[in-house]
Amino acid sequence: MTTQRRTPSGQGPARRTGSSRVRTTSSTRTRARPASSRRTGSINTGSGPAKRTAAPRPPRGLTGRATVLIVVFVALALAYTYPLRVYLAQESQIAQLEAEQAEQRRAIADTSEELQKWKDPEYLRAQAREKLFYVRPGETPLLVLNDPAGAAREAGKNAPAAAPDRWYETLWSSVRAADAESPN
């Protein structure tokens, strides 16, 4: 088995113009070297050549493709922002109109139910008695008024002896009481 020789930096096969020489495997190469220059698996103590490491690559900036891709994504985002906002506003308006429509349907149903009640003659009579104080012929109307004196008499209590004080009398009595308490 044969392998191609690699460049000293380890970045690919060596290409020589005019020469198509192929080296043998590493075991053959190791035998051809003297024992003092053979590399072993031990740590380099300074007696042999130092091992090369790959130099760190400087970070590359944005490539042209990446910049174009970012610009395209930003343009698409900006292009879709306005239609999306309009769509969401319309969805909100539709929901509001549907809620108003449902409320109007409930109001219509309540009104039609009330209308059906008013078509009933018994309901009509009951409402006339309650709200307009209508009575049938031969009935005696009885109207109860708010009479605290009469209620007190019936309960076995005496009616209030005097009417309550007027506001200005209450005010004047409080001024006199304040004057009497002040130390002059």
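The values are calculated or read from the model by the stated rules, or taken from the named source; none is laboratory data. Being a predicted model, the structure only gives us computed values, none of them experimental. Every residue, glycine among them, receives a Cβ derived from its backbone with ideal geometry; neighbour counts consider all protein chains shown. Calculation scope for accessible area: heavy atoms of the full protein, side chains included, ligands and nucleic acids excluded. Shrake-Rupley method; radii C 1.70, N 1.55, O 1.52, S 1.80 Å.
Details
- If you filter the range 145-161 down to residues that are at pLDDT 75 or above and part of a loop (DSSP other than H, G, I, E, B), you find that the one that is most open to solvent (accessible area, probe 1.4 Å) is Asn146.
- Meets criteria (part of a helix (DSSP H, G or I) and open to solvent by less than 90 Å² (accessible area, probe 1.4 Å)) for Ala55: no
- Top-ranked residue in the range 162-174 [being of a type outside the set (Ser, Thr, Tyr) and surrounded by 10 or more Cβ atoms within 10 Å (Cβ to Cβ); ranked as modelled with the lowest pLDDT]: Asp165
- Cβ-Cβ distances below 7 Å connect the following pairs, each with a first residue in the range 116-132 that is in a helix (DSSP H, G or I), a second residue that is surrounded by 12 or more Cβ atoms within 10 Å (Cβ to Cβ) and aromatic (Phe, Trp, Tyr), and a separation of six or more residues or different chains: Lys117/Tyr123; Ala128/Tyr134.
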